[in-house]
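Enquirer: First the structure, then my questions, so here it is.
The values are calculated or read from the model by the stated rules, or taken from the named source; none is laboratory data. These figures come from a predicted structure and were not determined experimentally. Methodologically, a virtual Cβ is constructed for each residue, glycine included, from the backbone with ideal geometry; neighbour enumeration extends over all protein chains shown.
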Amino acid sequence: MKVEVAKTAGFCFGVDRAVNTVYHLLEEGRQAATLGPIIHNPQVIADLESRGVRIVETPEETPPGYTLVIRSHGVPREVEENIRALSLAYVDATCPFVKKIHQLAAASGEEGKVFLLAGDKDHPEVRGILGHCKGENFVIKNAEELVELLKNHPELAEKPLAFAAQTTFHSGEWEKCLETLKKLCTNAAVFATICNATARRQKEAKNLAQRCDRMIVVGGRDSSNTAKLRDICAGYCETYLIERADELPVFSAGLSVGITAGASTPASIIKEVLATMAEVNNNEQNFEEMLEESLKSLNTDEKVHGVVVGISPTEVYVDVGRKQAGFIPAAELSNDPNVKPEEAVKIGDEMDLLIMKTNDQEGTIMLSKRRVDAMKGWEEIAQAQENNEILTGKVIEVVKGGVIVLKGAMRIFVPASQATASRGEDLNELMGQEVRFRIIEVNRQRRRAVGSIRSVLREERKAAQEKFWEQVEEGQTYTGKVKSLTNFGAFVDLGGVDGMVHISELSWNRIKHPSEVLNVGDTVEVYVKGLDRENGKISLGYKKPEDNPWVKLEREYPVGTVCDAKIVGMTQFGAFASVIPGIDGLIHISQIADHRIEKPQDVLKVGDEVKVKITEIDFDRHRVSLSIRALLEEQKAAADEAAAQAPAEEVVYSTAQAEETAEEQE
C-alpha cells in the first residue's frame, strides 16, 4: 500500500496562533476561558478542558480571574464593545485575515456599498464579519443562491457592491460566483479574501484525490474547512473523514491512499494516523497477522518446549528433544531490537517456542520465542485494559507520532499526546526509560495496542498534590525544580505541585527578568510564603533573609557614616546613588553642592563615583537620605577652624630700622 500525505495538512496560521495563545496563558499560570470552542477539534478541546480551560458563550459568563480569549473566527463589533465595557482581561486571537474582512465590511457600509459575503451564514466567522457591517448586507453559500438573490433583488445589479468570501470558502465555488457576478452586476468590487493556506490546501487535496485510489481527510466533524476538503476529494475517489486513528478503515494491499487534514487538526493526530497506517503497511506485521490466523489450525507438534544449551552474539541454541539442532535467531528472541542474546537468556533456561522452519538437509530447526510470547501477550494486554491495570515497560523506540514501549513481548504504541505529562515535551528523553502506563486500546485484528503514560502521570501527580496540601504549612522549606520562567516570576515544581516565586522574591537586588537569577531545570531551595488553598496557589520565597542588604546597612552603615557611592539615576529633585548592592539612597538637589544649583545634572551624571554622608535611614519605608553638601560644609568648617587657630605673625625691627622709621614720622 502506497501512502502520500498532503504537504499543507494540519493547523493553519490563524488556528495555530489562537491555540498557542491559550497554551501560553496556561504556561504563565493564568486561568483561561474561550468565547466558544477555540478550535473545531474534540481532542484539542478535551485536552484544554483537562487543564482547566472554560468555554463560555457570552462575555458575561467569564469566571472571575479568568482571561477571555477571542478565537480565530472573530466576533461581532458589539461583542468586542461588551468585553471592554465589562473590563474583562482578554486576548484577541482573531485571525489577521479575518480582521481584514471586518475592516472591509465596515468600510463598505461607510462608502454606501452593499456588502455581499460568500459563506455559511451559521458559521461563527461569518456571524462575526456581519457584526462589523454598517450598511445593507447579504450572505450566499453558492452560485445558485447568488443567482436567486439577484433575481429577488434586481436593484442590486445597479447598486455599488463589495463582494468578499469567508476565509475557508470553497475556492471552486468562489470562481463560479465570480462568473455569475460578472454577468449580472456591473458595479461590484471583488475582494479575494479566501485564505491562501485554504486555497492551497483545497488545490492540493484535489490533485491528491485525482491520483489516489482512496482519500483520508483527518479533522473534526464540526469543522467547516474539513468538510469542504472531504467534499472536494469525494468528487474524485472514495473518501473517508475521520477524527482519530482508530477510525481508520482497513485497505486492501496495493492501493494508493492519500491523506490530508483540516486547518483545525493538530499535527499529533496526523502523526498518529500515519503511525497506524505504517504499522498496518509493515510487511512483518502483516506476516505475523497471517501467521497467527494459521496457528489456530496447527498441530501441537509445531509448538515445542526447549532448553538453552548455547548462546552466541547472533543466535541462541536450544535442545527441543529432536534429532535436529534447534536455534533462535536474535531477531526472533525478543521484540526489543536492542536486546543482546547473552543478556536475554542463560544456559539452562526453559521456554516455549514455535517452529518457524525445518531444514532436514542441514538437520536444523529455526525457532521463535517472541511470537509465542506475543500470542500470550495479547491476552495479558486485553486483561490489563479491562482491569484498568497500570503496567511497567521500557521505551525502546521513538517513532513518528509517539514512542514504542516494550512490555514483555508486546510492543505498545504510545501516541505523543499520551506520552508525557504536558504538551511539547521532548520524547527523546523517554528513550530507554522504564515507564508506567495503561492500555487504552486493543485491536488484535489490526495487531495494535495503544497505551497512555500521561493518565498514570496525572493520577500520580494528583495523589502527590493531595498529600502535599494535607501537609504544607507557611514557612516550610522545599527543594524543587524550576519548571518555567515568565516576566513576573519563576514556577517551581515541588513534586506534583507548582508554586510561584515572584520576581521581587528572587533577589535583594533589582532584576529585569528571572533569568538573571535562575534557569529552567535548576534545582532550588524555596520556602512557602503564602497559601491559597481555595484556588490551589502557592507563593514561594527564594532570597534568604540573612542576605537582606537592609540588615547589612543597619549593622555596618549607621547614620553619619561617610562612604563611596555610585550615581545610578537622576531626577528633577535629586540623584540616586548606590550605597551597597541592593540599596540606593537619594541625594536631594539641596544636598548636592554647597551652593544653589538649577538641576542635579549641572553637577552630577550617571556613573559618577562620589563620597556621601548618610544623614537619615527610614527602615520601615526603606529610604536612605544622603548628602554631599554636608561633607563639603564639614570640610570648609574644618579649614576655617584651622586658620583661626594658627599663631600671629611676628614682626622684628632692627635698631637702624627703628631710627629710620622715627625720622620718617618726624
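Enquirer: Out of Val435, Val395, Val442, Val403, report the one residue that is hydrophobic (A, V, I, L, M, F, W, C) and modelled with pLDDT under 90.
Expert: Val442
Enquirer: Residues in region 477-487: is at least one touching a residue at least 60 places away in the same chain (Cβ under 8 Å), among the β-branched types (Val, Ile, Thr) and not in a helix (DSSP H, G or I)?
Expert: yes
Enquirer: In addition: Test His132 against the criterion of being in contact (Cβ under 8 Å) with a residue 40 or more places away in the chain and touching a Lys or Arg at 6+ places or on another chain (Cβ under 7 Å), and give yes or no.
Expert: Yes: the conditions hold for His132.
Enquirer: Which is farther than 30 Å from Ala245 by Cβ, in a strand (DSSP E or B) and in contact with a strand residue (DSSP E or B) (Cβ under 8 Å, 6 or more places away or on another chain), of Leu68, Leu104? Before the answer, list the steps.
Expert: Values: Leu104 fails: in a strand (DSSP E or B).
It is Leu68.
Enquirer: Say whether the condition of being in contact (Cβ under 8 Å) with a residue 24 or more places away in the chain, touching a helix residue (DSSP H, G or I) at 6+ places or on another chain (Cβ under 7 Å) and within 17 Å of Gly172 (Cβ to Cβ) is met by at least one residue in region 238-254.
Expert: yes
Enquirer: Still on this structure, please answer the following. Only one residue in Asp246, Asp231 is of a type outside the set (S, T, N, Q), assigned to a helix (DSSP H, G or I), at negative phi and modelled with pLDDT of 90 or more, so which one is that? Spell out the reasoning first.
Expert: On the way: Asp246 fails: modelled with pLDDT of 90 or more.
Checking each option against the conditions leaves just Asp231.
Enquirer: Within region 357-397, which residues are under 18 Å from Ile439 (Cα atoms), outside any helix (DSSP H, G or I) and not acidic (Asp, Glu)?
Expert: Asn387, Asn388, Ile390, Leu391, Thr392, Gly393, Lys394, Val395, Ile396
Enquirer: Going by the conditions given, is Thr523 in contact with a strand residue (DSSP E or B) (Cβ under 6 Å, 6 or more places away or on another chain), outside the structural domain of Val624 (by TED's automatic domain parsing) and not charged (D, E, K, R)?
Expert: Working: in contact with a strand residue (DSSP E or B) (Cβ under 6 Å, 6 or more places away or on another chain): yes; outside the structural domain of Val624 (by TED's automatic domain parsing): yes; not charged (D, E, K, R): yes.
Considered against the rule, which asks whether it is in contact with a strand residue (DSSP E or B) (Cβ under 6 Å, 6 or more places away or on another chain), outside the structural domain of Val624 (by TED's automatic domain parsing) and not charged (D, E, K, R), Thr523 comes out as yes.
Enquirer: Here is a further query. Can you find even one residue in region 162-170 that is without any contact (Cβ under 8 Å) to a residue 40 or more places away in the chain and either within 19 Å of Phe115 (Cα to Cα) or in contact with a Lys or Arg (Cβ under 8 Å, 6 or more places away or on another chain) (or both)? So that I can check it myself, show each step before the final result.
Expert: Here is the first cut: in region 162-170, the ones without any contact (Cβ under 8 Å) to a residue 40 or more places away in the chain are none.
Among the residues of region 162-170, not one is without any contact (Cβ under 8 Å) to a residue 40 or more places away in the chain and either within 19 Å of Phe115 (Cα to Cα) or in contact with a Lys or Arg (Cβ under 8 Å, 6 or more places away or on another chain) (or both), which makes the answer no.
Enquirer: Something else: Examine region 403-413 for a residue that is outside any strand (DSSP E or B) and either polar (S, T, N, Q) or free of Cβ contacts under 8 Å to residues at least 12 places away in the same chain (or both), and state whether such a residue exists. Walk me through it before giving the result.
Expert: From region 403-413, those outside any strand (DSSP E or B) are 408-409; that's our starting set.
Filter again for either polar (S, T, N, Q) or free of Cβ contacts under 8 Å to residues at least 12 places away in the same chain (or both), leaving none.
No, because not a single residue in region 403-413 is outside any strand (DSSP E or B) and either polar (S, T, N, Q) or free of Cβ contacts under 8 Å to residues at least 12 places away in the same chain (or both).
Enquirer: To continue, here is another question. Any chance region 217-228 includes a residue that's within 30 Å of Arg447 (Cβ to Cβ) and at pLDDT 90 or above? Working first, answer last.
Expert: Taking region 217-228 and keeping what is within 30 Å of Arg447 (Cβ to Cβ), we get 217-221, 226.
Then keep just the ones that are at pLDDT 90 or above; that gives 217-218.
Yes, because at least one residue in region 217-228 is within 30 Å of Arg447 (Cβ to Cβ) and at pLDDT 90 or above.
Enquirer: Of these, Lys376, Lys369, which one is crowded, with 18+ Cβ neighbours inside 10 Å and within 26 Å of Asn443 (Cα to Cα)? Break it down stepwise before answering.
Expert: Numbers: Lys376 fails: crowded, with 18+ Cβ neighbours inside 10 Å.
Unique residue meeting the criteria: Lys369.
Enquirer: So which of Thr226, Thr186, Thr168 is under 30 Å from Glu4 (Cβ atoms), polar (S, T, N, Q) and part of a loop (DSSP other than H, G, I, E, B)? Outline the logic, then answer.
Expert: Working: Thr226 fails: part of a loop (DSSP other than H, G, I, E, B); Thr186 fails: under 30 Å from Glu4 (Cβ atoms).
The conditions single out Thr168.
Enquirer: Only one residue in Ala6, Ala107 is under 28 Å from Ile194 (Cα atoms), small (Gly, Ala, Ser) and surrounded by 18 or more Cβ atoms within 10 Å (Cβ to Cβ), so which one is that?
Expert: The conditions single out Ala6.
Here's the yes/no breakdown for (1) buried (at least 17 other Cβ atoms within 10 Å of the Cβ); (2) assigned to a strand (DSSP E or B); (3) out of contact with any helix residue (DSSP H, G or I) (no Cβ under 6 Å at 6 or more places or on another chain); (4) free of Cβ contacts under 8 Å to residues at least 24 places away in the same chain:
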{"residue": "Ser504", "(1), (2), (3), (4)": "no, no, yes, yes"}
{"residue": "Gly521", "(1), (2), (3), (4)": "no, no, yes, no"}
{"residue": "Glu525", "(1), (2), (3), (4)": "no, yes, yes, no"}
{"residue": "Glu534", "(1), (2), (3), (4)": "no, no, yes, yes"}
{"residue": "Ile538", "(1), (2), (3), (4)": "yes, yes, yes, no"}
{"residue": "Glu546", "(1), (2), (3), (4)": "no, no, yes, yes"}
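Enquirer: Could you say which residue among Val44, Val22 is under 12 Å from the mean Cα position of the chain (by Cα) and hydrophobic (A, V, I, L, M, F, W, C)?
Expert: Working: Val44 fails: under 12 Å from the mean Cα position of the chain (by Cα).
The conditions single out Val22.
Enquirer: Related question: Only one of these conditions is not met by Ala188: (1) modelled with pLDDT of 90 or more; (2) in the same structural domain as Gly112 (by TED's automatic domain parsing); (3) in contact with a Pro (Cβ under 9 Å, 6 or more places away or on another chain). Which number is it?
Expert: (1)
Enquirer: Tell me, yes or no, whether region 61-70 has at least one residue that is at pLDDT below 85 and surrounded by 15 or more Cβ atoms within 10 Å (Cβ to Cβ).
Expert: Start the filter on region 61-70 by keeping residues that are at pLDDT below 85, which leaves none.
Taking every residue of region 61-70 in turn, none turns out to be at pLDDT below 85 and surrounded by 15 or more Cβ atoms within 10 Å (Cβ to Cβ).
Enquirer: Right, here's the next one. Look through region 416-432, keep the residues that are exposed (fewer than 12 other Cβ atoms within 10 Å of the Cβ) and over 14 Å from Lys400 (Cα atoms), and return whichever of them is farthest from the chain's Cα centre (by Cα). Explain how you work it out, then say what you get.
Expert: Step one: filter region 416-432 for residues exposed (fewer than 12 other Cβ atoms within 10 Å of the Cβ), giving 424, 426, 428-429, 432.
Restricting the remaining residues to those that are over 14 Å from Lys400 (Cα atoms) gives 424, 429, 432.
Numbers: Gly424: 6, Glu429: 17, Gly432: 25 Å.
The residue in question is Gly432.
Enquirer: What pairs come up if the first residue lies in region 327-343 and is within 22 Å of Ile412 (Cβ to Cβ) and not assigned by TED's automatic domain parsing to the domain that holds Arg411, the second is of a type outside the set (Lys, Arg) and assigned to a loop (DSSP other than H, G, I, E, B), and their beta carbons are under 6 Å apart, counting only those six or more places apart or on different chains?
Expert: Note: pairs meeting the criteria are Ala330/Thr314; Asn335/Ala409.
Enquirer: Does Ala409 satisfy being of a type in the set (Gly, Ala, Ser), within 34 Å of the chain's Cα centre (by Cα) and within 23 Å of Met351 (Cβ to Cβ)? Lay out the reasoning, then the answer.
Expert: Numbers: of a type in the set (Gly, Ala, Ser): yes; within 34 Å of the chain's Cα centre (by Cα): no; within 23 Å of Met351 (Cβ to Cβ): yes.
In short, no.
Enquirer: Then there's this: In region 159-178, which residues are modelled with pLDDT under 90 and more than 26 Å from Gln103 (Cβ to Cβ)?
Expert: Passing the criteria: only Gly172.
Enquirer: Inside region 1-57, can you point out the residues that are without any contact (Cβ under 8 Å) to a residue 12 or more places away in the chain and closer than 20 Å to Lys228 by Cα?
Expert: Asp16
Enquirer: If you don't mind, there's one more thing I want to ask. Can you report the number of residues in region 139-159 which are surrounded by fewer than 18 Cβ atoms within 10 Å (Cβ to Cβ) and either among the acidic types (Asp, Glu) or within 43 Å of the chain's Cα centre (by Cα) (or both)?
Expert: Going residue by residue through region 139-159, those that are surrounded by fewer than 18 Cβ atoms within 10 Å (Cβ to Cβ) are 142, 144-145, 147-149, 151-155, 157-159.
Of the ones still in play, those that are also either among the acidic types (Asp, Glu) or within 43 Å of the chain's Cα centre (by Cα) (or both) are 142, 144-145, 148, 155, 158.
Number satisfying all stated conditions: 6.
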